[in-house]
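For reference, the structure discussed in these notes is given below.
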2 protein chains.
Amino acid sequence: MDIPPRHSDHETHASCALRSRGDDCRFCGVRHLSICQALNINELDQLEKMASDSVFEERAVLFREEDEVSSVFNLTAGVARLIRSLPDGRRQVTGFALPGDFLGISLEKTWRYTAEAVTPLVACRFRRSNFEAFSEKNPHLIKKMHEFASQELNMAQDHMVLLGRLTAEEKLASFLVEMKKRWARVAGHEPGLIRLPMGRQDIADYLGLTIETVSRVINQMQRDRKLVIVPDGVRFVDQSYFDDLAL
Amino acid sequence: MDIPPRHSDHETHASCALRSRGDDCRFCGVRHLSICQALNINELDQLEKMASDSVFEERAVLFREEDEVSSVFNLTAGVARLIRSLPDGRRQVTGFALPGDFLGISLEKTWRYTAEAVTPLVACRFRRSNFEAFSEKNPHLIKKMHEFASQELNMAQDHMVLLGRLTAEEKLASFLVEMKKRWARVAGHEPGLIRLPMGRQDIADYLGLTIETVSRVINQMQRDRKLVIVPDGVRFVDQSYFDDLAL
DNA sequence: TGTCAGCATTGACGCAGATCAAAAGCGTCA
DNA sequence: TGACGCTTTTGATCTGCGTCAATGCTGACA
């Protein structure tokens, strides 16, 4: 796969999501979002020596549920879906990983979910053994990882409320508001366009709905002039409608 | 509230669930289950000096969502429900805390859920500031807390699958199997009786169902000779039925 | 420029579980 | 012992979302 060159005209455009570490952590575009924020320049240098950039094309599998955790990843560009599957094929997307997100926070031996690239994707990769040894020597990195895990736990609990108690309309509204906030964090400002690189099926599996219901609800929102559907995302027309409905 | 005396005849009986630390962490009945397992005798001594036993009666609130985290808790006896509420009164029980569980693992400033005693309850209580200072000096405690948080994150992800993708019957089966496993861990052996100290409404709010559906499904299971309903719990008759259905 | 494959959308219909309502247990206390 | 309050159970009915099926859209490639 070819990595397109960097652009600066539009931070949130798909082709620009591919920013890599560029072999120097000091200039990493997602450092301030990632666990690396816990490290000083020296530690960053050390960590950098263990890192390698990994590139995945769309649909590529980063790792599978039950696989041994041989590497951990710091996402620098692109989007991944995190999936738990049932034996009969039912799927639950437990989350979407965005730039700055860390995969392997739990330091367990085997992965508990599958990660697949939703878009072309770049990740800063560490061998698990190296990373664990490094974190062992840097307690404030562990602390930071714990903070990240706590944050994830919060999001997981929010998601339980969504799955257990919200209507289809509320689920969609919450999802769109969540994506808006998360992209804002990545871009550093509120985006006009809410990028939705994942397909309707992924959204359905994230929200505990069917693809038909997702489609119906979003299109109804468009008919009701709450949003407009654009290629690769949506644009809010009536922000307060979403604020009122979202979790 | 009076704390009934200790019994030894039946570990899982309600009245015996009230075992406290007894002012000496070394003899704590839940040490091997709790984060304290990370500590050696010296550290345990130090921590003990900061601990105080807190007793809550049934229905008492340990803390509320949004409250400042002034204390953290190590549950030594009893059961608590952890609740997130929506403005309109809808509730999601995000979990049940059993002896050995730690409340406040995330070290955040405010609680993200409400905790209420389902049964009379004893918890080992630490002032947050003390506990945080202590953990700062004991990296392996942080590591252990991170392990516990990771474990919770796993359970949360399991629960997302349950909420998003399982049928009512599968949800109930999964819940009962989960409670059986958790009580087994606390008791140190597989209990014949699966204690369910929480009411039907709590179970419904945990599983994303209504109380009527919970009641119907459990009673149907009894009619189908899969289990028998007894005071304060259930007893499996057809274990393989549950193993097949559960997540 | 046409064909094809993979989504997404739309419509008709069905059903699992919600809602509404009533009755039955069951522990507490006078 | 009986009355009260709370929880659970059961029944009847409704409905939000799933299921099934067809059609439309878009981008890739010949």
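The values are calculated or read from the model by the stated rules, or taken from the named source; none is laboratory data. Only a predicted model underlies this, so the values are computations on that prediction, with no experimental measurement involved. Note that each Cβ is placed from the backbone with ideal geometry, even for glycine, and that neighbours are counted across all protein chains shown. Heavy atoms of the whole protein, side chains included, go into the accessibility calculation; ligands, DNA and RNA do not. Shrake-Rupley method; radii C 1.70, N 1.55, O 1.52, S 1.80 Å.
Screening B:Phe242 with (1) more than 16 Å from DNA strand C (Cβ to nearest atom); (2) free of Cβ contacts under 8 Å to residues at least 40 places away in the same chain; (3) part of a helix (DSSP H, G or I) gives one miss only, at (2). Here is a check on your reading of the model: is B:Thr76 of a type in the set (Val, Ile, Thr), buried (at least 21 other Cβ atoms within 10 Å of the Cβ) and closer than 21 Å to A:Asn154 by Cα? It is false that B:Thr76 is of a type in the set (Val, Ile, Thr), buried (at least 21 other Cβ atoms within 10 Å of the Cβ) and closer than 21 Å to A:Asn154 by Cα. Taking residues in segment A:174-189 that are within 18 Å of A:Gly78 (Cβ to Cβ), and partners anywhere that are open to solvent by 40 Å² or more (accessible area, probe 1.4 Å) and at pLDDT below 95, the pairs with Cβ atoms closer than 8 Å and at least 6 places apart or on different chains are A:Ala184/A:Glu190; A:Ala187/A:Glu11; A:Gly188/A:Glu11.
Taken over segment A:177-193, the residue count meeting the criterion of being away from DNA strand D (no atom under 16 Å from the Cβ), surrounded by 15 or more Cβ atoms within 10 Å (Cβ to Cβ) and part of a loop (DSSP other than H, G, I, E, B) is 1. Taken over segment B:144-176, residues that are open to solvent by 20 Å² or more (accessible area, probe 1.4 Å) and outside any loop (DSSP other than H, G, I, E, B) amount to 11.
The single condition among (1) more than 8 Å from chain A (Cβ to nearest Cβ); (2) over 21 Å from A:Glu108 (Cα atoms); (3) among the acidic types (Asp, Glu) that B:Asp101 does not meet is (2). Could you tell me which residue of segment A:104-125 is most open to solvent (accessible area, probe 1.4 Å), considering only residues that are within 14 Å of chain B (Cβ to nearest Cβ) and among the small types (Gly, Ala, Ser)? Looking at residues that are within 14 Å of chain B (Cβ to nearest Cβ) and among the small types (Gly, Ala, Ser), I get A:Ser106.
Conditions tested, residue by residue: (1) near DNA strand D (Cβ under 10 Å from one of its atoms); (2) open to solvent by 70 Å² or more (accessible area, probe 1.4 Å); (3) among the β-branched types (Val, Ile, Thr); (4) within 14 Å of another protein chain (Cβ to nearest Cβ).
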site: A:Glu212; (1), (2), (3), (4): yes, yes, no, no
site: A:Arg216; (1), (2), (3), (4): yes, yes, no, no
site: A:Met221; (1), (2), (3), (4): no, no, no, no
site: A:Leu227; (1), (2), (3), (4): no, no, no, no
site: A:Gly233; (1), (2), (3), (4): no, no, no, no
site: A:Ser240; (1), (2), (3), (4): no, no, no, no
site: A:Leu245; (1), (2), (3), (4): no, no, no, yes
